[in-house]
Amino acid sequence: MREVIIIGSGPAGYTAGIYTARAGLKPLLIASSVEAGGELMKTTEVENYPGFPNGLQGPELMDAFKAQAERFGTEVLLDDVIEVDLKGDVKIVKTGNGKTFEAKAVILATGAAYRELGLPKEKELSGYGISWCATCDGFFFREKTIAVVGGGDSAMEEANFLTRFASKVYLIHRRDSFKASKIMQERALNNPKIEVVWNTEVAELVGDGRLSGVKLRNTVDGSMSDLDLDGLFIAIGNDPRIWLVENQVQLTEDKFIKVEGRSSKTSLPGVFAAGDVIDPTYRQAITAAGSGCVAALDAEHYITGLQ
Amino acid sequence: MSKHVTTASFQSDVLSSSKPVLVDFWAEWCGPCRMVSPILDEISAEHGDKLTIVKVNVDEEPALAQQYGITSIPALHVFKDGQVIKQIIGAKPKPSLLADLSEFIN
């Protein structure tokens, strides 16, 4: 049996790896097979992570996190956790490639998954004009007209990034102001290729086999309009990834994993949670990393107490 | 490592192949592409007798990407007798890919 298993490989997961490894707990970190590194793998410039005054690329930062975790003995497994049983003293974790692991403690750092618009045709047009990854797909929209939906930092970043390729980027937002940080907002508002469409939501996705446009609804007066588009990038936020554990640990009203006070303790002994999966408010790389550290220290304390 | 095909070799490597061919449209700067690549190598090693797996770098072969309407990568297109008969979009774990490709590898 292992001392501790960490599920997730974003800033929270890898930081938990660094701390538990340095505590001599030989952590197994199950990173996912195709999404290892988490959200930041799809980001370009990271300018607000302390210690890097000139900024760096998201994937570069995550490679550094991973290297630091591995340096102290974290075992990183590229596999997907598909089932857990966390109720007993021995925690059981099963993966997509058919492996079963046991541990005294588990740290859940599964992060958050992008939110869908919830409109008909969204699935069938995904990859055919609808995209969830500007850094992956922007390249295919050279000199095209596209739109980004959202009002947070990710929407601003994507819109700005996409102006490298597209001739025109509409930024569609349902309110009359953005939630994004000032600096990111200003960049978007000052970019001549970006046109903000305020107080507007996407009501319908138009296209047969390939997106050709959207129908928009004004959120103030309800009026409808058509917008022809080659591409639509959706950045309307994320939902905590809880499906693995939702029937085992207590959740908050908003469906985040519930933790006790400022700790990482979930409703089950020996089960800790960190990062975006517990955080409805801040959701930054640095807060996730801090949260991963908390979980590692809590797990270490718990394991010591078992002896 | 899967073979890299180009516009010049596409006819012989893909369209004229007697076996089904999975073409992995990818790019260096696409994180999910880099994650799915070793999984495809494994599938190729295990099922290469039934399904050939090749790669197209969309940076180097934009014409091929455009011809097949690629707007999102990784995009995995299965060709048989010169026609695209299956499309898989996005990086998926190995068990999901094996399920998606079951008609070609079982």
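Here are some notes:
- Some residue of the stretch B:88-95 being more than 8 Å from chain A (Cβ to nearest Cβ), under 30 Å from A:Asp79 (Cβ atoms) and crowded, with 16+ Cβ neighbours inside 10 Å: yes
- A:Asp80 fulfils the conditions (1) within 14 Å of chain B (Cβ to nearest Cβ); (2) within 27 Å of A:Leu216 (Cβ to Cβ) except for a single criterion, (2).
- Flag for A:Asp63 being part of a helix (DSSP H, G or I) and in contact (Cβ under 8 Å) with a residue 24 or more places away in the chain: yes
- The stretch A:1-46, subset farther than 29 Å from B:Trp29 by Cβ and part of a loop (DSSP other than H, G, I, E, B), residue most open to solvent (accessible area, probe 1.4 Å): A:Lys26
- Sole exception among (1) open to solvent by 30 Å² or more (accessible area, probe 1.4 Å); (2) within 14 Å of another protein chain (Cβ to nearest Cβ); (3) modelled with pLDDT under 95; (4) in contact with a helix residue (DSSP H, G or I) (Cβ under 9 Å, 6 or more places away or on another chain) for A:Lys123, by number: (4)
- The residues of the stretch A:31-77 that are within 9 Å of another protein chain (Cβ to nearest Cβ) and either over 30 Å from B:Ile89 (Cα atoms) or basic (Lys, Arg) (or both) amount to a single one, A:Lys42.
- Every test in (1) closer than 30 Å to A:Leu25 by Cβ; (2) part of a loop (DSSP other than H, G, I, E, B); (3) touching a residue at least 12 places away in the same chain (Cβ under 8 Å) is passed by A:Phe101 save one, and that test is (2).
- Test: residue in the stretch B:14-26 that is touching an Asp or Glu at 6+ places or on another chain (Cβ under 8 Å), more than 11 Å from chain A (Cβ to nearest Cβ) and either buried (at least 19 other Cβ atoms within 10 Å of the Cβ) or without any contact (Cβ under 8 Å) to a residue 60 or more places away in the chain (or both): yes
- Residue identified as closer than 25 Å to A:Phe140 by Cα, surrounded by fewer than 14 Cβ atoms within 10 Å (Cβ to Cβ) and touching a residue at least 40 places away in the same chain (Cβ under 8 Å) among B:Ala75, B:Ala63: B:Ala63
- Taken over the stretch A:262-287, the residue count meeting the criterion of being open to solvent by 70 Å² or more (accessible area, probe 1.4 Å) and within 25 Å of A:Gly305 (Cβ to Cβ) is 3.
- Scanning the stretch B:28-69 for residues that are in contact with a strand residue (DSSP E or B) (Cβ under 8 Å, 6 or more places away or on another chain), within 13 Å of chain A (Cβ to nearest Cβ) and over 29 Å from A:Leu61 (Cα atoms) yields B:Ile43, B:Leu64, B:Ala65, B:Tyr68.
- Residues of the stretch A:161-195 satisfying the condition of being buried (at least 17 other Cβ atoms within 10 Å of the Cβ) and hydrophobic (A, V, I, L, M, F, W, C): A:Phe161, A:Leu162, A:Phe165, A:Ala166, A:Val169, A:Leu171, A:Ile172, A:Phe178, A:Ala180, A:Met184, A:Ala188, A:Ile194
- Among the residues of the stretch A:93-112, those that are surrounded by 17 or more Cβ atoms within 10 Å (Cβ to Cβ) and either more than 13 Å from chain B (Cβ to nearest Cβ) or aromatic (Phe, Trp, Tyr) (or both) comprise A:Val93, A:Phe101, A:Ala103, A:Lys104, A:Ala105, A:Val106, A:Ile107, A:Leu108, A:Ala109, A:Thr110, A:Gly111, A:Ala112.
- Of residues in the stretch B:96-106 being more than 10 Å from chain A (Cβ to nearest Cβ) and open to solvent by less than 60 Å² (accessible area, probe 1.4 Å), the one nearest to B:Asp49 (Cα to Cα): B:Ile105
- Selection count where residues are more than 9 Å from chain B (Cβ to nearest Cβ), in a helix (DSSP H, G or I) and open to solvent by less than 20 Å² (accessible area, probe 1.4 Å), scope the stretch A:133-160: 5
The values are calculated or read from the model by the stated rules, or taken from the named source; none is laboratory data. Note that this is a predicted model, so its numbers are computed, not measured. Using ideal geometry, Cβ is built from the backbone for each residue, glycine included, and neighbour counts are taken over all protein chains shown. SASA here: full protein model, heavy atoms, side chains in, ligands and nucleic acids out. Shrake-Rupley method; radii C 1.70, N 1.55, O 1.52, S 1.80 Å.
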